[in-house]
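The values are calculated or read from the model by the stated rules, or taken from the named source; none is laboratory data. These figures come from a predicted structure and were not determined experimentally. Glycine gets a Cβ as well: all are built from the backbone with ideal geometry, and neighbour counts include every protein chain shown. Quick note on the areas: whole protein, heavy atoms, side chains included, nothing else; ligands and nucleic acids left out. Shrake-Rupley method; radii C 1.70, N 1.55, O 1.52, S 1.80 Å.
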Amino acid sequence: MPEVYERHLVPVLFRPFAEDLVARAAALGPRRVLELAAGTGVVTSGLLSAVPAAEVTATDLNDAMVAFGAARAPGAVWRQADAQRLPFPDGVFDLVVCQFGVMFFPDRIAAYSEVRRVLAPGGRFLFNTWGPLATHAFAAALQAGLERALPVDTPGFLRAVPHGYADPAVVAADLAAAGFAVEQEREVTLTGRAPSAADVALGFLAGTPVRADVERRGDASAVREAVTGTMTDRLGPGPVGGAMTAYVFLGSA
């Protein structure tokens, strides 16, 4: 799964926002950075290049992602870690960064409280979260394909999880409940580009939890064919592009 995710989804969906997040992080001049839900390391690599003097610790809950990321960005210290129970002492980082990971935390306030605990006084928490499903061209096209292929009991992972934390007021309230002051909140829309709609379909269907949802519901190859057809109808043949919206938050401890 990490290999498919890295090859087919990271360049299209995650690298554009990683570049945005890294630029925001570098402007803060951090010295000790903790990254949560680092995945395969696209933000990690950017941080190592943009802030070469900083000590970067990258974590992920998934051991396979940690192994892949450690090979991709060996300049960071990599550790398996649960964001709700961070294995670090109090006050050891001045910046915590998380790209598109907070949506997956079962108890976000608990995770944010842990982030605040490991931050030094005045430290910052910088992260982003996807906007509503309809504001993401690729995810919306994929969901339409799933609804066509599996009209009964359609997998709802995309709507419920990656795009299920898309109300900035709710995010800000959760940060406040964990003791953060919201220093900045920005809506950012960027364009993703892929070799084809089929390439993105493969990434979602083989490199994300959508894979397990599809395999439980029917013929995976038939679903992939139907989803690819719908995505191509919506996005076009050949190289494709699409707008994607996210919200970026900067909290102060």
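Each peptide in 24-35, 160-171, 185-196 gets a packing score, the mean of other Cβ atoms within 10 Å over its residues, and the list from highest to lowest is 24-35, 160-171, 185-196. Principal-axis analysis of the Cα atoms of the chain puts helix 137-149 at an angle of about 40° to the longest axis.
The mean sequence separation of alpha-carbon pairs under 8 Å and at least six residues apart, normalised by the residue count of region 164-253, gives a relative contact order of 52 percent.
Can you work out the FRET efficiency for the pair residue 79 and residue 189, with r the C-beta to C-beta distance and R0 = 35 Å, to the nearest 0.05?
0.60
Derived scalar couplings between HN and Hα for region 28-38 equal 7, x, x, 10, 10, 10, 10, 10, 9, 6, 6 Hz in order, rounded to whole Hz, by the Karplus curve 6.51 cos²θ - 1.76 cosθ + 1.60 (θ = phi - 60°), x for Gly and Pro. Taking packing as the residue-averaged number of other Cβ atoms within 10 angstrom, the listed peptides 223-229, 84-90, 141-147 run from highest to lowest as 141-147, 223-229, 84-90.
Rounded to whole numbers, the Karplus 3J(HN,Hα) couplings from phi for region 84-89 are 7, 9, 6, x, 10, x Hz, using 6.51 cos²θ - 1.76 cosθ + 1.60 with θ = phi - 60°, and x at Gly and Pro. Computed about its Cα centre, the charge dipole of the chain is approximately 240 debye, with only Lys, Arg, Asp and Glu carrying charge at their Cβ.
Kindly express, to the nearest 10 degrees and within the range 0 to 90, the angle between helix 108-118's C-alpha long axis and the longest C-alpha principal axis of the chain. Roughly 30 degrees between the two axes. For region 120-135, 3J(HN,Hα) computed residue by residue from phi via the Karplus equation (6.51, -1.76, 1.60; θ = phi - 60°) reads 5, x, x, x, 10, 10, 10, 7, 10, 9, 5, x, x, 3, 5, 8 Hz, glycine and proline entered as x.
Take the alpha carbon atoms of region 119-181, find their center, do the same for region 201-253, and report the distance between the two centers in whole angstrom. Here the two parts' Cα centres lie 15 Å apart. Gain on full extension, evaluated as 0.36 nm per residue between residue 215 and residue 160 minus their Cα-Cα distance, stands at 18.0 nm.
Ligands, DNA and RNA left out, the accessible area of region 156-253 computed with a 1.4 Å probe is 51% carbon and sulfur. Using a cut-off of 10 Å between beta-carbons, work out the net charge of the residues near residue 178 (Lys and Arg +1, Asp and Glu -1, residue 178 not included). Once positives and negatives cancel, what remains is +1.
Entry note, region 7-54: relative contact order of 47 percent, from Cα contacts under 8 Å with a spacing of 6+ residues. With R₀ set to 22 Å, the beta-carbon distance separating residue 7 from residue 49 gives a calculated FRET efficiency near 0.60.
Remark: relative contact order (the chain) = 23 percent; criterion is Cα-Cα distance under 8 angstrom and separation of 6 or more residues.
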